[in-house]
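First the structure, then my questions, so here it is.
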Amino acid sequence: MYKEYKQLNLSQTGKDILEFWQQNNIFEKSISSRPADNPYTFYEGPPSANGMPGIHHVMARAIKDIFCRYKTLKGYQVKRKGGWDTHGLPIELAVEKSLGITKDDIGKKISIEDYNDACRKEVMRYTDVWNDLTEKMGYWVDLNDPYITYKNEYIESLWWILSQLYKKGWLYKGYTVQPYSPKSGTGLSSHELNQPGTYKMVKDTTIVAQFFLKNDQQHPLMSTLCKSADEETAILAWTTTPWTLPSNCALAVGEKIDYVKIKTFNPYTFQPVSVVLAKVLVGKYFKAEGENASFDDYKGGDKVIPWTVDAEFKGSDLLGLRYHQLMPYVTTAELEEKAFRVIPADFVTTEDGTGIVHTASVFGADDFRACKENDVPSVMVLDETGKEVPLVNKQGRFVEEVTDFAGRYVKEEYYSKEERDEDGFKPTDVLISIKLKTDNKAFDVKKYEHSYPHSWRTDEPILYYPLDSWFIKTTAVKDKLIELNKTINWKPEATGTGRFGNWLENLVDWNLSRSRYWGTPLPIWREENGTEEKCIGSIEELNKEIDAAAEAGFMPKDFRLADMHRPYVDDVVLVSSNGNKMFREPDLIDVWFDSGAMPYAQWHFPFENKDKFIDAYPADFIAEGVDQTRGWFFTLHAIAVMLSEASDEVKEVNSLVGNPGVAFKSVVSNGLVLDKDGAKMSKRLGNAVEPFETIEKYGADAARWYMISNASPWDNLKFNIEGLDEVRRKFFGTLYNTYSFFSLYANIDKFDYSEADIAIADRPEIDQWIISLLNTLSKEVDAFYADFEPTKAARAIQDFVDAHLSNWYVRLSRRRFWRSDSNTDKLSAYQTLYTCLVTISKLMSPIAPFFAERLYTDLNYATKKENFESVHLADFPTYHADLVNEALEERMQMAQDISSLVLSLRKKVGINVRQPLSKILLPILDKNFEKQVEQVKELILSETNIKDIEYITDAAGFIKKKVKPNFKALGAKVGKDMKAVAAAITAMDQSALAQFEQDGQYTVEIENAKYDILLSDVDIIAEDVEGWQVANLGKLTVALDVTLTNELKQEGTSRELINRVQNLRKSSGFEVTDRINVKLGNAEHISEAVNNNLTYICAEILADTILFDSGLTEGEKTEIDGIEIVIAITKI
RNA sequence: GGAAGUAUAGCUCAAUUGGUGAGAGCAGCACCCUUAUACGGUGUCGGUUAAAGGUUCAAGUCCUUUUAUUUCCA
């Protein structure tokens, strides 16, 4: 027996199936039942379990799940090791919030040890919720043995990778310019800088300084800028941080910006000077009344300073100009050679200042980058250990080399209130301005109010300051990264070539350092003077070093590190070759390194599981959000490519598995899930869709199908909850009804597919047709899945189920199931419909795993046709090319179109479908057409309730034809004469057209040209039949005979009666097999019609007798042909 | 500010890759149908294909600029 249901309940189905899977270990079997030597590798990008999952996680995980399930059906063994991302800032922040502490309290109010313990607990806070969602949404991933990034084994693998890079010389110490708080002595993360209240309005002293050009240089623009030997020309540059001026090393201009040279006088020294600034900013510094005023009449101190524009040029013309160092406290031969010149930068604007930016490479992130790109060295001094340091020390004071200001804080706010209140106290910026004014180097000094970031801890302004960092030299393998990226199959392609490709093209070294507490420690130990350092690559190596250190008395004997995190790892002191102590570099590494290293670390490679690693490297497929492009996708790729060069172990595996050095072969980067109006979902706005609620209400299948069928994974999805209901009604509802229909009659007829298959060729046309379509569908869906196009797969399945299977095949085949006797036609119908349903269950199972399972097991349980316990253990449907009959598909399409046209005509003339009509006319343009229609004639006739089809040829003379140019064919032939030719073709009259058809050729003459048009260059359709009701669709034309004979009328009346009785049967709750007796009251006007069609009526309504009883009052009152009648039916 | 993506009916998406009346579903309206089907059928309403310019015989599709929006990076 096939299971029958009262109604469709996807939510309940999900729960039932989940239980079935769990009890029977279906997931485990889906792996163990596939051969281990045919692996398909998937990497799970680890979620961080410290936040609640959202509906977008359902989306992302559905995509992963779909392809893993698909590949399983295709016979691959798909292991899916789960994982958890456990380090990083979000976790630290969550802990700080729940403990009510700040970073400053770490090591004070709370020990690093307790803090890290809290992090460890925090990390897994929501794992239960996550696991619950994973199960309920039907995401199959191995949760029993996940990799967890904080485990010692995982970290050991990370250390090993770092040591491989270190050995290759690709791990080095440098610096980056970061927000820095001198008072607390720490760097600030961008997150900390984004805290509310960090940016405040402050009034700073700003200076427009004069950078005098070197007169003796060779430069194309010099003849313009310094027209005589004694002309002093200066570039004007503005700064809000005068304390950075001693560190100036370049001036940046915008290449496309217009600049001018202006002759004028310095407003403080009154000396004549020529200055360069952006053209649009002239008005800001020069009064209009001074333009072209007399230079000779000017006296120092005059309110109006005369000026005149002397030259104009582009920023690009200025590049390379050399100038005298503004405040020459520190210089070197290298600086003299490469610094103090004009460079281009894209961040230069003409909003403020002079359109020329003073650049101090060590005190600005943009400055740093621009200088690096243009090979401008920084102004640095050597400290007592011989290390290069900037002119401002870590306390925020000038170093002694800056003689005039040595020891002074660069920011006024760093002085105490008492110091600032002392008589004669002047901020350093002011002192610098005074000095520059005196030296004829300042053009304008002003107070300027602007927004500047402050440390949220000390409330004092931050500095942008160069801080030590460890880098991975990714630029060393840049070319290989780019090259191998081309071998990766990106979905969508644009993400790979565009976003990712550009990122690789502009690659910089990977800044690995993080100043945190909860993360993977950097395994580098250094002597205090920095001369010797060690990079530890394994616990074994560490232990050896510890033993050596113990010998030296630095460590307790037999010390072993139980937890590789801080603070424990910081207790490890090693010994250098000359007997000095070595301390660990205090940095942690970027968490992205954790996740990017998962291919190796998840197996604790190379320390364990080498065989498992070989089987699972590289990944055949990964999928995450597009926001991971520069995150996980990059770190996976970068680490893999670097190891392919740096590690012998990885090289060996690569050559074994034929991997050029990638971590993944295909990647799907999915878009975002937005709310129904396209806004970001957020808890704050209250527009977030709660995944558990959604699954509970609609079922995971509806949610998955909706998300997948609605938009391609990489397009953003506007999530509209109403769409789920539509999916349920339209797709699942239809499929469910089809199954219900099947099970209802199959149970009545005890169909259990025990009979031998009827050869497809022996089945009726319509069965062959749906089998043909089904095969085409299988092939398409297979290709779509293989090409990572789940949306196309879902739409194809949906279209088949709705348009073809339910609304055509079943509807037209219903009578075959109803008949009470058994024959091969009926058996064929059962076998065909069964095949369709079972195949659909397999095709849809990757996307809607629960419903597909129910459908499959319900079918297969009754027939035991296949030996699989679950649809997910079955094989993907095989495509049988020999069962695909394109001609058949084509003529069935014709039948559908013709039927549609006939129904449309009926509607137009107001004759409903129950009223039979005698015939339709089909104009035929070729013999083949008639042959095709003949084969589907019966379907059309029964569908439209027409008695016959009559074919007419144009020989009869009343078909009006129309000729339409085929532009695609003509394009190549006539090119730009298209308009004229098309007009000539359209203008053909009926006789010319007839001639054209006969000759197969038609000559079009237009101005200056003559073209031979062939029949293949046009489409000819029969547009109209004189004197008939006609409808067209494409090339099809149908004419309807609307003549009603008495006989037809009576038949129509009979059908009306059948309809009324059937309605009554249904509303009375009779079984479809119950036989009845019928009594009719007040029905004399239809008695003739009924008597003439008695056998037919009785057969339709399963009646043994129909009696006319004029006195009948008990029964259903209804109306036929405008007169009320009474019907009473009784079960026999 | 930079890079990338998206923009087609009220909503969600198509449009054979440059071939000419821009389609479908949902929603609305009208009528009809149903011994599986709160399903379906027929019709109707709805479009300056974000805007402007260009290339071409021909542009939703290619190019340029602009606008909106999203993501990533500053």
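A short reminder: the numbers here are calculations on the coordinates, not readings from a lab. In this text the structure is predicted, and so the values were computed from the model without any measurement. Every residue, glycine as well, gets a Cβ built from its backbone with ideal geometry; the counts of neighbours run over all protein chains shown.
Of the listed peptides A:840-846, A:422-428, what is their order by residue-averaged count of other C-beta atoms within 10 Å, with the highest listed first?
Packing proxy ranking, top to bottom: A:840-846, A:422-428.
For region A:599-607, just list the computed ³J(HN,Hα) in residue order, Karplus coefficients 6.51, -1.76 and 1.60, θ = phi - 60°, integers in Hz, with x standing in for Gly and Pro.
x, 8, 5, 5, 9, 6, 5, x, 7
Going highest first, how would you order A:461-472, A:750-761, A:514-525 by mean Cβ packing within 10 Å?
Ranking, from highest mean packing down: A:514-525, A:461-472, A:750-761.
For region A:523-586, what is the relative contact order in percent, using Cα pairs closer than 8 Å and at least 6 residues apart in sequence?
In percent, rounded to a whole number, it is 38.
Under a crude label model (7 Å from the Cα following the beta-carbon direction), how far is residue A:930 from residue A:202 in nanometres?
It works out to 9.5 nm between the two label points.
Please state the relative contact order of chain A as a whole percent: Cα pairs under 8 Å, 6+ residues apart?
Dividing the mean separation by the residue count of chain A yields 11 percent.
Got a sec? Charge dipole of region A:186-464, +1 on Cβ for Lys and Arg, -1 for Asp and Glu; which of A:433, A:307, A:199 is way out at the positive end?
Final value for the positive-end residue is A:307.
Per-residue HN-Hα couplings for region A:1119-1132, Karplus 6.51 cos²θ - 1.76 cosθ + 1.60 at θ = phi - 60°, whole Hz, x for Gly and Pro?
Along region A:1119-1132, the couplings run 9, 10, 6, x, 10, 6, 10, 10, 10, 10, 10, 9, 6, 8 Hz.
If you don't mind, there's one more thing I want to ask. Region A:323-401: which trypsin sites (Lys or Arg not before Pro) are DSSP loop and have at most 15 other beta-carbon atoms within 10 angstrom?
Here the trypsin sites (Lys or Arg not before Pro) that fit, given the DSSP loop and packing criteria, are A:387, A:394.
Per the Cauchy relation, a quarter of the hull surface: what is the mean projected area of the convex hull of the alpha carbons in chain A, in nm²?
Its Cα hull, projected and averaged over all orientations, spans 66.2 nm².
While we're here: Can you sort A:451, A:666 from fewest to most other Cβ atoms within 10 Å of each residue's own Cβ?
In increasing order of surrounding Cβ atoms, one gets A:451, A:666.
Continuing with this model, one more query. Which lysines, on any chain, are close to residue A:103 with Cα under 16 Å apart, when same-chain ones fewer than 8 places away are left out?
Straight-line reach from residue A:103, under 16 Å: A:183.
Taking amide hydrogens as modeled 1.01 Å from N in the peptide plane, which residues meet the under 5 Å criterion relative to residue A:291, leaving out close sequence neighbours?
Residues meeting the amide H criterion: A:307.
Work out the length of the dipole vector of chain A about its Cα centre, built from +1 on the beta-carbon of each Lys and Arg and -1 on the beta-carbon of each Asp and Glu, and round it to the nearest 20 debye.
1100
Still on this structure, I have one more. Can you work out the base-10 log of I(q)/I(0) for region A:890-956 at q = 0.11, 0.14, 0.20 1/Å, using the Debye formula on its C-alpha atoms alone?
-0.24, -0.39, -0.79
Determine the sum of side-chain charges near residue A:61: Lys and Arg each +1, Asp and Glu each -1, restricted to other residues whose C-beta is under 15 angstrom from that of residue A:61.
-2
Next question, about the same structure. Among residues other than residue A:880 whose Cβ falls under 13 Å from its Cβ, what is the net charge (Lys/Arg +1, Asp/Glu -1)?
For residues surrounding residue A:880, the net value is -2.
Turning to a different aspect of this structure: For chain A, take the longest principal axis of its alpha carbons; what is the angle in degrees between that and the long axis of helix A:127-136, to the nearest 10 within 0 to 90?
With both axes taken from Cα atoms, the answer is about 20 degrees.
Report the residues of region A:750-790 in range of a label on residue A:822: point 7 Å along Cα→C-beta, backbone N strictly under 15 Å from it.
A:750-758
Separation of region A:733-754 and region A:1068-1132 by C-alpha centroid, Å?
Cα centroid of region A:733-754 versus Cα centroid of region A:1068-1132: 30 Å apart.
On the principal axes of its Cα set, how long, how wide and how thick is region A:186-464? Give whole Å, largest value first.
If we take the Cα atoms of region A:186-464, the spans are 55, 41, 36 Å.
Each label point is 7 Å from the Cα along the Cα-to-Cβ direction; what then is the distance between the points at residue A:23 and residue A:557, in nm?
Placing both labels 7 Å beyond Cα along the Cβ direction yields 6.3 nm.
Right, next: Need the list of aspartates and glutamates near residue A:826 for cross-linking: C-alpha distance under 16 angstrom, and skip anything on the same chain fewer than eight residues off.
Those aspartates and glutamates meeting the cut-off are A:749, A:752, A:755, A:757, A:762, A:765, A:767.
From the helices alone, meaning DSSP H stretches of at least four residues, give me the mean residue ellipticity at 222 nm for chain A, per-run term -39500 (n - 2.57), in deg cm²/dmol to the nearest 500.
Calculated mean residue ellipticity at 222 nm is -11000 deg cm²/dmol.
Non-local amide H neighbours of residue A:585 (under 5 Å, H modeled in plane, Pro and chain starts lacking H): which ones?
Amide H neighbours of residue A:585, under 5 Å, 5+ apart: A:524, A:525, A:526.
Show me, for region A:574-587, the HN-Hα J-couplings you get by feeding each phi into the Karplus relation (A = 6.51, B = -1.76, C = 1.60, θ = phi - 60°), rounded to Hz, glycine and proline as x.
9, 10, 8, 5, 9, x, 8, 6, 10, 10, 6, 4, x, 5
Another question about this same structure. Around residue A:1014, what is the net charge, scoring Lys/Arg as +1 and Asp/Glu as -1 over all other residues with Cβ under 12 Å from its Cβ?
-3
Taking a 18 Å limit on the Cα-Cα distance, which of the listed pairs A:121/A:151; A:168/A:473; A:203/A:441; A:263/A:299; A:64/A:486 fall beyond it?
Table pairs above 18 Å Cα-Cα are A:203/A:441; A:64/A:486.
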